[in-house]
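The values are calculated or read from the model by the stated rules, or taken from the named source; none is laboratory data. Everything numeric here is computed off the predicted structure, so don't read it as measured data. Ideal geometry is used to build each Cβ from the backbone, glycine not excepted, and the neighbour counts take in all protein chains shown. Just the protein is used for accessible areas: all its heavy atoms, side chains included, with ligands, DNA and RNA removed. Shrake-Rupley method; radii C 1.70, N 1.55, O 1.52, S 1.80 Å.
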Amino acid sequence: MKVGAARLTSGIVAAAFAAATMAGACAEPELAETVPTESVPAQPPAGHAPPLLPLDAADFAPSQVRLEAGSKRTGDELADVERCEPCHTEVVRAWRSSAHALASFQNPLYRASIESFREARGAEASRFCGGCHDPAPLVDGAMDAEIQPDDPRARAGVTCSVCHTAVEVRPGGNAAYTLAAEPLEIPDFADEASIARHKRQVTPEPLRTAALCGSCHKAFLGEHTGHPHFISGADDMLPWKRSAYAGSSAERVDEPIAKAACRDCHMPLEEPRDYDAAADDGALASHRFAGAHTLLAA
């Protein structure tokens, strides 16, 4: 009986609290009485910088993409996956079935979305999309004009040369990465020094980090895209950072979970079916990027 009474009392208290909370939520706020306007300064206190949103990159605004000084990159080079295929047959085969390979205008979902955006906001504003979906036409300035249906750059998606030459990433999202100035060098197998340079070039510091994925898998809208306010968009990084996989236990107390970043789940090691120079001890990181837009696989 005591337990039942305690539960009843607890239920009554919870119900009363909920009712009071809802009443407060529905009531018209009286900000003038509860928060005097003079207590909210128009400017931050002296010595404190105002909070800043990510700044637009100068070259491709409103996309955040940057190129290193003296860049020699072109859209044709970024779109060219075939030159990688002779040595990385398995990687390219897997990539062709991925959402990265189908990220551009050949993706019917994306195409409908960006063409609607371009019609409403103009071609130049669509650079915002291009940093993550269309790096090849973006770096050539082709995003600023009508996209031709036979343009291979507009069907390239996110290619080898994008991820493997991203030498710097930033936390803002909207394609917040910087591409190396030099194009990928195809090595001479008779020259060990050439092979060594190639290996260094295709493994920039951000490559195996979650931050590289986050440079595109985080997006926002704002005045720079023709919207009146800041609007947070897709953000795969925040849920991961708040999860046990990133080492956080603030939201979920559970059995211990081994830490895992993006590539641990989306690029698991697999045994290659064909020759690939990147295979290490018979294993290769999958470039199918499983787990994204399963509809595209059909």
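Quick check: anything in the range 122-129 touching an Asp or Glu at 6+ places or on another chain (Cβ under 6 Å), in a helix (DSSP H, G or I), free of Cβ contacts under 8 Å to residues at least 24 places away in the same chain and over 22 Å from H100 (Cα atoms)?
Yes.
Can I147 be described as open to solvent by 20 Å² or more (accessible area, probe 1.4 Å), more than 26 Å from S116 (Cα to Cα) and part of a loop (DSSP other than H, G, I, E, B)?
For I147, the condition - open to solvent by 20 Å² or more (accessible area, probe 1.4 Å), more than 26 Å from S116 (Cα to Cα) and part of a loop (DSSP other than H, G, I, E, B) - is not met.
Mind checking which pairs have a first residue in the range 264-284 that is free of Cβ contacts under 8 Å to residues at least 12 places away in the same chain and more than 24 Å from A211 (Cβ to Cβ) and a second that is surrounded by 11 or more Cβ atoms within 10 Å (Cβ to Cβ) and not β-branched (V, I, T), Cβ under 9 Å, 6 or more apart or different chains?
Close Cβ pairs (under 9 Å, with a partner that is surrounded by 11 or more Cβ atoms within 10 Å (Cβ to Cβ) and not β-branched (V, I, T)) amount to G282/P272.
Among the residues of the range 70-91, what is the count of those that are free of Cβ contacts under 8 Å to residues at least 12 places away in the same chain and of a type outside the set (D, E)?
Here the count works out to 1.
Scan the range 223-234 and give yes if some residue there is crowded, with 18+ Cβ neighbours inside 10 Å and either without any contact (Cβ under 8 Å) to a residue 40 or more places away in the chain or of a type outside the set (A, V, I, L, M) (or both), otherwise no.
Checking the range 223-234: at least one residue is crowded, with 18+ Cβ neighbours inside 10 Å and either without any contact (Cβ under 8 Å) to a residue 40 or more places away in the chain or of a type outside the set (A, V, I, L, M) (or both).
I need the full set of residues from the range 157-170 which are free of Cβ contacts under 8 Å to residues at least 60 places away in the same chain, open to solvent by 10 Å² or more (accessible area, probe 1.4 Å) and in a loop (DSSP other than H, G, I, E, B), in order please.
Residues satisfying the conditions are V158, H164.
Does the range 102-121 contain any residue that is touching a residue at least 60 places away in the same chain (Cβ under 8 Å), among the small types (G, A, S), outside any helix (DSSP H, G or I) and surrounded by fewer than 17 Cβ atoms within 10 Å (Cβ to Cβ)?
no
Does A94 fit the bill of being modelled with pLDDT of 70 or more, in contact with an Asp or Glu (Cβ under 9 Å, 6 or more places away or on another chain) and aliphatic (A, V, I, L, M)?
yes
Scan the range 266-287 residue by residue and report those that are hydrophobic (A, V, I, L, M, F, W, C) and in a loop (DSSP other than H, G, I, E, B).
Within the range 266-287, M267, A277, A278, A279 qualify.
Is it true that P51 is modelled with pLDDT under 95, loosely packed, with under 10 Cβ neighbours inside 10 Å, in a loop (DSSP other than H, G, I, E, B) and not polar (S, T, N, Q)?
yes
Test of understanding: among A190, A196, which residue is of a type in the set (A, V, I, L, M), part of a loop (DSSP other than H, G, I, E, B) and farther than 22 Å from R288 by Cα?
It is A190.
Could you list, in sequence order, the residues of the range 171-197 that are crowded, with 20+ Cβ neighbours inside 10 Å, in contact with an Asp or Glu (Cβ under 8 Å, 6 or more places away or on another chain) and either over 25 Å from A278 (Cβ atoms) or charged (D, E, K, R) (or both)?
G173
If we keep just the residues of the range 74-100 that are surrounded by fewer than 20 Cβ atoms within 10 Å (Cβ to Cβ) and hydroxyl-bearing (S, T, Y), which is farthest from A181 (Cα to Cα)?
So the residue we want is S97.
So A154 passes all but one of these: (1) of a type in the set (G, A, S); (2) in a loop (DSSP other than H, G, I, E, B); (3) open to solvent by less than 70 Å² (accessible area, probe 1.4 Å); (4) out of contact with any Gly (no Cβ under 7 Å at 6 or more places or on another chain). Which condition number does it fail?
Status for A154: all satisfied but (2).
Within the range 243-262, how many residues are closer than 30 Å to A61 by Cβ and open to solvent by 90 Å² or more (accessible area, probe 1.4 Å)?
0
Listed here are the residues, each with its yes/no results for (1) of a type in the set (A, V, I, L, M, F, W, C); (2) closer than 19 Å to R83 by Cβ.
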| position | (1), (2) |
| --- | --- |
| A145 | yes, no |
| V169 | yes, no |
| P187 | no, yes |
| D191 | no, yes |
| P206 | no, no |
| F220 | yes, no |
